[in-house]
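Since the structure comes first, as structure tokens, the remarks are kept for the end.
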Amino acid sequence: MNCLIKKARVIDKNSSWNGKIVDILIKKGKIEEISDEIIVENIKTIGFEGLCISPGWLDIGTTLTEPGHEDLDDLHSLQQSALKGGFTGLAVFPNTKPSIDNKAMIDALIKRSSDFAVDIMPVGAVTYSCGGKDLAEMFDMHSSGAVAFSEGKESLQHGGVMLRALKYASMLNLSVINRPDERTISEIGMVDEGIDAVNIGLPGMPVLAETLMLQRDIQLAEYTGGSLIAHMVSTADSVKLIKQAKRDELKVKATVSWHNLVETSKILKGFDPNHKVMPPIRNKAQRNALIKGLTEGIIDGIVSNHTPIDLEEKRKAFSDAAFGALGLEQMFGVLRSKLQDVVGLEILVDKLSNGPREVLGLEPATIETGNDCNMTIFQPDQKWIFTKEDVQSKSANAPYLDMELTGKVIGIYNRRQLIIS
Amino acid sequence: MGKPQLSVNHVTGIKELSREDIFLIFETANEFKQVINRPIKKVPSLRDITIANLFFEDSTRTKLSFELAEKRLSADVINFSASSSSVKKGETLIDTVNNILYMKVDMIVMRHPSPGAPHLLAKHVNANIVNAGDGTHEHPTQALLDTFSIYQHFNGEIKGKKVVIVGDIMHSRVALSNIYAMQKLGMEVMVCGPSTLIPKYFHELGVLVENNVQKALEWCDVANILRIQLERQQIRYFPSLREYAMYFGVNRQRLDNLSKNILIMHPGPINRGIEITSDVADSEHSIILEQVENGVAVRMAVLYLLASTRK
């Protein structure tokens, strides 16, 4: 589809137009022209107050529930959530039923989403059925389009398997994504260990559980020469470890979940099950360290940790409720609202757009004449109220309902499709 | 006198052999190869020498090859395998072997699952030891027959020849012995396979390491392809035989993509369709069956030369 975007500020550190307000003409999926003013008649034109554009946003580790739990979300509803939130790409985790642990599953997923505006990028399982034991056929999955390997929501506990996974994946120049969590330490915990956990009488997950496994993973990355993505780190210690790993020029990248940036464990006193997430929302010191890590470039990308959960699994007391919350739809608005004073728009957008692509080693989607157009269109200062109607997921476990947010997504352009939400 | 002799009393590994030793074995093997192609294939060289073949680990072709070599040399042969032995009754290796030696045995050919077992024997028993494979360490006669086969194929012009060893390098005694032998003979060696099957410090042996089998084949003059046995691995170092065959197997298409012809070798037994396809194993570039023939000649040479070191 052809269109003209009027008076939009470019937010893309890789673009020569970065920071400038320009008109952009898009024809047949490509950026045809960028200049101060473009006049074309009889073309779909987009013009809004305070409009911004950036390379399309990419979410790493989105929960996919098709096949297995189409009642929670299917590919189509997931795409709708992504579009609502401004995402042009989702690197989806393999924890489906059955797991995405073979070529056929990858092929099916790519085929099923071939006409989507959103790129569905499968992350293949490291081991069969995400069982943590025997390596799955990574070469084969890569040949069909796997962009990385991970046990997804599960942390890979076995050090030897992690070692072999990093080594094996390194032959393909692909990364292993692992959320560091030593389960024998975090065990029965439900929230961040600390005074806030004490005050609500819930068992805590020590920071140590994350630190121990991240230390292990970084050392394994060093030993094997493999690429590690430390997924959804949530502690100051993790930021320190990653900083050092990067200083040592190891192939280590890191993501953070938006929950850990916008909230502290104080919020848990309301016992809202939609704030029961993994990794847990931690205290103020940890949150501040994560924000600092983000602005200093130690953390490379922000992820949604988008996890649809059955309504009945959330309509329970906090301790009985399942972990997980929806995040794609409202994430940008909440991030922008809560971080306006501490994280500049350029950095925030970079961690949603270029950052995740760098994490996965993908080509940048730079806003430049002649390039394929993969773009998110948004109003960073627009106020709006996030309501039930905005939730596109089949599930309902969205935090921050009915909250006034600053920062609204207008739409995306990707794969020759313009989608205005 | 003046007849050339080996510098060692035992062939425990290629590591202990000198370049001259290897060439002496080649020359002798060459003569025995002519012998075994004559109508009368037997010579009396080891008459009155008794050789015990001690196989503490399963073997078909190495055991047959040694036994045939011994019989062609007119040695008396006794065979012993772990399943029928007193090893299971708790006797130590040295005791087992000394008991056999007191039956007046002169030479021992041994395969054992523990690396270093033949070296232990060599120190403690009074017989010439030939290592027929010690765990994941060495398999010297295999390396000698492999290099002898290359040597014959290239009419002795082997210096600078490039050999790639493809497969499970980590668990292979053939790979290590091959590398030692080839380096002593001035050949360049590369190992290729999944990175999980190549030990971390292998490059310090002075070999190149490559994970892309197509690139490895393009680089080499000779490809020595090792047997893959996923079913025997206690730890899974790679996902499946199927994926191995697709991404590391040597097939006709990979060879057709090369800008040259290369020599194909395999120590056997072959998993057809896994590490090598039938059309490659049976092709005109394969010398797999020559290797088998050379195996007997090389083992005759080793036994003969060792016997001549006896006082």
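The values are calculated or read from the model by the stated rules, or taken from the named source; none is laboratory data. Quick caveat, the model's predicted, so the values are computed rather than measured. We place every Cβ from the backbone using ideal geometry, glycine too, and count neighbours over all the protein chains shown.
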Condition set acidic (Asp, Glu) and more than 15 Å from A:Glu368 (Cα to Cα), scope the stretch A:13-66, selection surrounded by the fewest Cβ atoms within 10 Å (Cβ to Cβ): answer is A:Glu41
With (1) more than 30 Å from A:Glu70 (Cβ to Cβ); (2) within 19 Å of the chain's Cα centre (by Cα) as the list, and A:Leu335 as the residue in question, which single condition is left unmet?
(1)
Of the residues A:Lys351, A:Lys292, A:Lys314, A:Lys284, which is touching a strand residue (DSSP E or B) at 6+ places or on another chain (Cβ under 8 Å) and assigned by TED's automatic domain parsing to the domain that holds A:Glu187?
A:Lys351
Check off (1) touching a residue at least 24 places away in the same chain (Cβ under 8 Å); (2) within 20 Å of A:Leu135 (Cβ to Cβ) for A:Ala104 and give me the number that stays unchecked.
(1)
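Look at B:Asn211 and say whether it is within 13 Å of chain A (Cβ to nearest Cβ) and surrounded by 17 or more Cβ atoms within 10 Å (Cβ to Cβ).
Numbers: within 13 Å of chain A (Cβ to nearest Cβ): yes; surrounded by 17 or more Cβ atoms within 10 Å (Cβ to Cβ): yes.
Yes, satisfied.
In the stretch A:210-229, which residue that is touching a Gly at 6+ places or on another chain (Cβ under 8 Å) and assigned to a helix (DSSP H, G or I) is nearest to the other protein chains (Cβ to nearest Cβ)?
At the first step, the residues of the stretch A:210-229 found to be touching a Gly at 6+ places or on another chain (Cβ under 8 Å) are A:216, A:220, A:227.
When the remaining residues are screened for being assigned to a helix (DSSP H, G or I), the result is A:216, A:220.
Details: A:Arg216: 17, A:Leu220: 12 Å.
Among residues in the stretch A:210-229 that are touching a Gly at 6+ places or on another chain (Cβ under 8 Å) and assigned to a helix (DSSP H, G or I), the one nearest to the other protein chains (Cβ to nearest Cβ) is A:Leu220.
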Which pairs turn up if I take residues in the stretch B:27-40 that are not assigned by TED's automatic domain parsing to the domain that holds B:Arg72 and in a helix (DSSP H, G or I) and look for partners that are of a type outside the set (A, V, I, L, M, F, W, C) and surrounded by 16 or more Cβ atoms within 10 Å (Cβ to Cβ) with beta carbon separation below 6 Å, at least 6 apart in sequence or on another chain?
none
Would you mention how many residues in the stretch A:133-171 are out of contact with any strand residue (DSSP E or B) (no Cβ under 8 Å at 6 or more places or on another chain), free of Cβ contacts under 8 Å to residues at least 60 places away in the same chain, within 12 Å of chain B (Cβ to nearest Cβ) and not aromatic (Phe, Trp, Tyr)?
7
Where A:Val176 falls short, out of the listed (1) within 17 Å of A:Tyr128 (Cα to Cα); (2) β-branched (Val, Ile, Thr); (3) part of a loop (DSSP other than H, G, I, E, B)
(3)
Whichever residue in the stretch A:119-132 is away from chain B (no Cβ under 12 Å) and among the β-branched types (Val, Ile, Thr) and, among such residues, is surrounded by the most Cβ atoms within 10 Å (Cβ to Cβ)
A:Val123
For A:Lys253, only one of the following conditions fails: (1) outside any loop (DSSP other than H, G, I, E, B); (2) free of Cβ contacts under 8 Å to residues at least 60 places away in the same chain; (3) not β-branched (Val, Ile, Thr). What is its number?
(2)
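Condition test on A:Lys133, is it out of contact with any Cys (no Cβ under 6 Å at 6 or more places or on another chain) and farther than 19 Å from B:Thr196 by Cβ? So that I can check it myself, show each step before the final result.
On the way: out of contact with any Cys (no Cβ under 6 Å at 6 or more places or on another chain): yes; farther than 19 Å from B:Thr196 by Cβ: no.
No.
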Among strands (runs of 3 or more DSSP E) completely within the stretch B:42-132, the ones holding 2 or more residues that are of a type in the set (A, V, I, L, M) and touching a Leu at 6+ places or on another chain (Cβ under 7 Å) are B:107-112
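Mind checking which residues of the stretch A:325-343 are over 23 Å from A:Val118 (Cα atoms), assigned to a loop (DSSP other than H, G, I, E, B) and either touching a residue at least 24 places away in the same chain (Cβ under 8 Å) or in contact with a strand residue (DSSP E or B) (Cβ under 7 Å, 6 or more places away or on another chain) (or both)?
Keep residues of the stretch A:325-343 that are over 23 Å from A:Val118 (Cα atoms), which gives A:337-343.
Narrowing further to those that are assigned to a loop (DSSP other than H, G, I, E, B): A:340-343.
Passing the criteria: A:Gln340, A:Val342, A:Val343.
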